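Take a look at the structure below.
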């Protein structure tokens with residue numbers, strides 16, 4: 001009788017079994033969502049870098065004088081650096097994801113991502129040295145491109161692969177849009193009232209630039225939201241639990257703008273000698289380099305804020321109303 005359930009001397013349940021959490025209660029809880037399509041993204045980003053390197057080489061090779069080659073190299077440098085930064089991040093993500101699936105050690109993932117970015121940088125620098133003219137301009141482009149790829153790989157070593165994938169996808173989409181938008185610049189100049197006066201040209205150029213930045217931000221934010229939604233569905237379908245809250249969407253939407261700002265920092269540090277050489281050619285070149293630098297920073301800020309707002313608002317529209325919550 002004393003050992004009956006509820007009796008004063010009934011055997012107490014094993015406390016270790018009662019307190020130990022079951023492994024299958026919360027599968028994958030706390031683990032960051034994986035990055036789907038990382039390999040395809042790496043191939044696209046690497047292809048974009050190769051295309052930018054080829055177009056830059058063609059532009060420099062078509063120059064009829066060394067002075068023109070220096071100017072063209074300075075104009076092409078931002079496109080090459082941004083492509084290298086995105087390619088390093090994408091390839092680093094593709095290299096780090098398999099490591100993340102096999103182990104929880106963040107150091108191994110980071111090392112794999114940095115190593116992949118370093119490989120991209122070395123291959124890009126080698127291609128530049130072999131195909132471009134061997135001068136100070138070539139060395140500047142090669143060194144800065146390699147550094148950008150390594151930095152991109154280091155960024156890919158972040159723990160949350162889904163956010164890195166979203167930022168890389170959105171940044172690549174924004175870069176592709178900017179190139180496609182060049183076809184619409186001349187019609188937009190006329191639409192915004194470009195005339196024969198200098199002031200009308202300046203005003204029209206300002207509106208064209210703002211339109212480009214606004215649309216690029218919207219595209220970046222939409223792509224970031226779409227990628228994270230895809231990552232969340234994939235994680236759930238695999239039996240896991242994707243811990244993606246609104247800060248992840250905020251960072252992913254703002255990420256492309258942050259990468260553009262980082263590109264500008266890399267240019268002004270690693271490519272300073274080339275930019276100064278181009279600016280020293282003439283007063284007009286100096287004004288052009290200053291104006292382009294300011295325009296790139298303004299564009300990055302627009303993409304940052306518009307992309308962040310677009311991603312967060314898109315995520316907010318997927319949330320249910322508090323009145324629909326049965327616990328309220």
- Task: Round to a whole angstrom and tell me the spacing of the C-alpha centers of the stretch 299-315 and the stretch 247-290.
- Result: 20 Å
- Provide the gained length on full extension for the span residue 290 to residue 186, in nm with one decimal, where the gain is 0.36 nm per separating residue minus the Cα-Cα distance. 35.2 nm
- Going by C-beta contacts inside 10 Å, put 249, 132 in order with the fewest on the left. 132, 249
- Here the gain from full extension of residue 246 to residue 111, 0.36 nm per residue of separation minus their alpha-carbon distance, amounts to 45.8 nm
- Item | Highest-first arrangement of 294-300, 34-40, where packing means the average Cβ count within 10 Å | 34-40, 294-300
- Task: Report the extension gain between residue 59 and residue 75 in nm, rounded to one decimal, defined as 0.36 nm multiplied by the number of residues separating them, less their alpha carbon distance.
- Result: 4.7 nm
- Message: Sort 214-227, 176-189 by the packing proxy (mean of other Cβ within 10 Å over each peptide's residues), most packed first.
- Response: 214-227, 176-189
- Quick one: which of 110-118, 81-89 comes out on top by average Cβ neighbours within 10 Å, and what's the full order, highest first? 81-89, 110-118
- Tell me, what is the FRET efficiency for residue 39 and residue 136 to the nearest 0.05, using R0 = 41 angstrom and their Cβ-Cβ distance as r? 0.65
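Every number here is computed from the coordinates shown, using simple stated rules; none is lab data. No experiment lies behind these values; they were computed from the predicted model shown. Glycine also receives a Cβ, built like all others from the backbone with ideal geometry; neighbour counts cover every protein chain displayed.
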